[in-house]
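Structure record follows, encoded as structure tokens.
Any read-out appearing in this document is the output of simple, stated calculations on the displayed coordinates, not a laboratory observation. Remember, predicted model here, so these are calculated numbers, not experimental data. Using ideal geometry, Cβ is built from the backbone for each residue, glycine included, and neighbour counts are taken over all protein chains shown.
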Amino acid sequence: MTPESLVRHELAGLDVEVAESPNPDLVGIAGRVVDETTNTLLVATGEGKGVKQVPKTAATFRFRLDGETRGATRVVVDGDRLVARPARRTETKGDSLWQ
């Protein structure tokens, strides 16, 4: 997986943080993506706060691609680019950088 192809891949299992959102309650939610739907990401916060459901269209996400904290590749993605059924999004082909 590369930063350019991130949105075509399965997001479950990736570490993520909500970097920006018009809803200030969403900013800073961080953890591991445990599931996704067409319009939401389910993020296990690991802070004893359980799983948070974050609307894709209401956020900009920062994903960590490498397993290590130091030197990890971080990719910022506008949530609007992720709106689709996960299986359908991974099959999409086109001339976009993200597809």
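In the set Gly50, Gly13, which member is more than 12 Å from the chain's Cα centre (by Cα), on the phi > 0 side of the Ramachandran plot and free of Cβ contacts under 8 Å to residues at least 40 places away in the same chain?
Selected residue: Gly50, the only one of Gly50, Gly13 that is more than 12 Å from the chain's Cα centre (by Cα), on the phi > 0 side of the Ramachandran plot and free of Cβ contacts under 8 Å to residues at least 40 places away in the same chain.
Does Lys56 meet the test of being touching a residue at least 12 places away in the same chain (Cβ under 8 Å) and more than 11 Å from the chain's Cα centre (by Cα)? Lay out the reasoning, then the answer.
On the way: touching a residue at least 12 places away in the same chain (Cβ under 8 Å): yes; more than 11 Å from the chain's Cα centre (by Cα): no.
Judged against the criteria, Lys56 is not a match.
Any idea how many residues of segment 12-40 are in contact with a helix residue (DSSP H, G or I) (Cβ under 7 Å, 6 or more places away or on another chain), surrounded by 14 or more Cβ atoms within 10 Å (Cβ to Cβ) and not acidic (Asp, Glu)? Number of matching residues: 4.
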